[in-house]
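Single-structure report; data block below.
Values in this text are rule-based calculations from the coordinates and carry no lab data. Bear in mind that the values here come from a model prediction, so they are computed numbers and not experimental data. Glycine gets a Cβ as well: all are built from the backbone with ideal geometry, and neighbour counts include every protein chain shown.
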Amino acid sequence: MTLSLVDYSIIAAFFVISTVIGIVVSRRAGKSFTEYFLAGGQMSWWMLGISMVATTFAADTPNLVTNIVRRDGVSGNWVWWAFLLTGLLTVFVYAKLWKRSGISTDLEFYELRYSGKAAGFLRGFRAIYLGVVFNCLVMANVILAGIKLGGVLLGASPLEVVCVAGTVTVVYTLLGGLRGVILTDCFQFVVAMFGSVAAAYVVCNLPEVGGLTALLSHESVHEKMNLLPDASDFDALVPLMIVPLAVQWWSGWYPGAEPGGGGYVAQRMLGARSERDATTATLLFQMTHYALRPWPWILVALASIVVYPSLESIQVAFPDIDPSIVQDDLAYPAMLTFLPSGLLGLVIASLIAAFMSTISTHLNWGASYIAHDFYRRFFNPAATDSQLVRTGRLATVGLMILASVVALTLESAMEGFGIILQIGAGTGLIYILRWFWWRINAFTEITGMAVSFAVAVFFKFGYHLTGWPELNSWQQLLAGVAVTSAAWIAATFLSPSTDREKLESFYQKIRPGGSGWGPIRSELLAKGIQIETADSITTGLAAMLAATTLVYAALFSTGYFLYQWWGYFAASTAVGLVSLVCLVRTWPSLNFSGRDSSSDHRAD
């Protein structure tokens, strides 16, 4: 495959525009820590929402979806569609709590909520554990996808892919901070969405495919089209739908789908100008992420089954690709080689956009942990804003180098996805309860984090040492949840509780609803302290239920429209409209605070 001058011009223009955005905002970004890592806490909801969507529109995401569809059919996507519940719980219960906290990073939460040396240890350890180890694993998965895309579409070596795309990403991230990342995300998301839709249209109309109708009637494709697993097939139903919907969404931890919010999602919420903006931004993210984006990728994945029915056929078509990375996820970039000149350049630019938007967010987010929660907290409490920004920029470069090295050890997008899910298994409920139950403490989180990691390591390497029969992936997930949950629950009751003064301060600032803070609320009342009305958890959960039904209905309606299954389309559309009415009626009861808490950011 040969790129034309037009293709190269489009790709070059994309790189130039992304870099220019970083340069334009660079002077403002370098003024302070809050400006560099939180965009001054004054960003509007729509920009933050699009930025979150662009971040999760990673270069590895189309590859992952293709891998899932080719292996398990469209219904296999429930392994990540189930995380919608996690996301909408964050939208309607936790988004305004994060904004109300007035902290600068989500790790600062630990010393807002917990007390003593354990709280400080937890904050510092997770700054490295999440900001470096976990973060680099996620970025490595994205870089691996970039390497595969570059190898198939451009004939580029892994080093060339990392040096060119990685360098441009690092440059505008270094210069523009979070504001530059968000502005670039908005531009890159438009390019990425247009590219994915255009690619799906052209691929479905290839002579080898024969158009959408011929594709969906193809014998090998038809059996992959169902949106729900076969209820009579227990081996498919349990791992693809029952476990994700019943257990995975609340028990696991995954970047961008953290129960209770966290990571770069929390960073965006903290960067919002109000509680309403934080909530609306996160809602826009969830709706776009699950209802709008998947179908272009799914169509390309289905078409790839016709053109490349086996891994051997992919290897034959691309003999120069390392056989060790020829997995089902490689089918997506393989299908893009059929695109015509001009559109090919645009689609390559869109995939580069997906790569850069994800990497830039993870670099800025990870660097904020290193600068704020590790360097300033433990090494230089009196650090100036310029020192923090400089430390963050150095960390940005270091994280990119480390993630690139890790990427060379992975083989497929699904492999990295599975590793991350297993490491986080069993910890999710902690992040949900810590806002609403006073007894959760720092030792709870330390235990959950340590045990979940130990269980994941055992499942990765322990079979060879013990000779125990190997469990499949969903059995490992359930076992990890059970062991980890039992450990942290025991640690919660066996360890000393957080200091009463810290608990009282947290309750007054955050005003969480429910009965989990009953003892603390009673103590404050006994002291004659006036308590503001707490949020209604019931209202938040009602809005979550309505929004969940709405988004799933939109996801199904789009699919049934493409499939031309008109009865199902009408039914899912009707359910979506009813859900929309329920959500609109519930929205005024969410009781957003009218004050702008951007000025509340603390200095430690």
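For the stretch 171-259, the alpha-carbon coordinates run over 53, 44, 15 Å along the three principal axes, in decreasing order.
Remark: the chain is approximated by an ellipsoid whose semi-axes, taken from the C-alpha gyration tensor as √(5λ), come to 38, 28, 24 Å, largest first. The stretch 364-387 and the stretch 146-173 have their alpha-carbon centroids 29 Å apart. The C-alpha atoms of the chain define a longest principal axis, and helix 473-494 lies at about 10 degrees to it. Ordering GLY576, ALA547, SER350 by Cα displacement along the dipole of the chain toward the positive end leaves ALA547 in first place; charges were set at the Cβ atoms of Lys, Arg (+1) and Asp, Glu (-1). For the peptides 41-54, 213-226, 369-382, 122-135, residues were scored by their other Cβ atoms within 10 Å and the scores averaged per peptide; the highest-first order is 41-54, 122-135, 369-382, 213-226. Per residue, the chain reaches -20500 deg cm²/dmol at 222 nm when only DSSP H runs of four or more residues are counted, each adding -39500 (n - 2.57).
Neighbours of ILE21 by Cβ distance under 14 Å: Lys/Arg scored +1, Asp/Glu scored -1, total +2.
Distance from the alpha carbon centroid of the stretch 192-233 to that of the stretch 568-595 works out to 31 angstrom. Rounded to the nearest 20, the size of the Cβ-charge dipole of the stretch 1-109 about its Cα centre is 300 debye, with Lys and Arg at +1 and Asp and Glu at -1. Between the stretch 56-77 and the stretch 288-313, how far is it from one alpha carbon centroid to the other, in angstrom? Centre-to-centre (Cα) distance: 7 Å.
Considering only LEU283, PHE37, PHE459, and ranking their Cα positions along the charge dipole of the chain that arises from unit charges at the beta-carbon of Lys, Arg, Asp and Glu, the one farthest toward the positive end is PHE37. Measuring nothing but how far apart in sequence close Cα pairs (under 8 Å, 6+ apart) lie, relative to its length, the chain scores a relative contact order of 27 percent.
Charge dipole of the chain (Cα centre as origin; +1 on each Lys and Arg Cβ, -1 on each Asp and Glu Cβ, all else neutral): 2140 debye, rounded to the nearest 20.
Counting charges near GLY73 (Lys, Arg +1; Asp, Glu -1) among other residues having Cβ under 14 Å from its Cβ returns a value of -4. Projecting the Cα atoms of ILE11, MET47, ILE68 onto the charge dipole of the stretch 6-112, computed from C-beta unit charges around the Cα centre, puts MET47 farthest toward the positive end. With neighbours defined as other Cβ atoms within 10 Å of a residue's Cβ, the residues SER593, SER232, SER350, SER75 order from fewest to most as SER232, SER593, SER75, SER350.
Can you tally the net charge around GLY513? Count Lys and Arg as +1, Asp and Glu as -1, for every other residue whose Cβ sits under 13 Å from the Cβ of GLY513. Around GLY513, the charge tally is +2.
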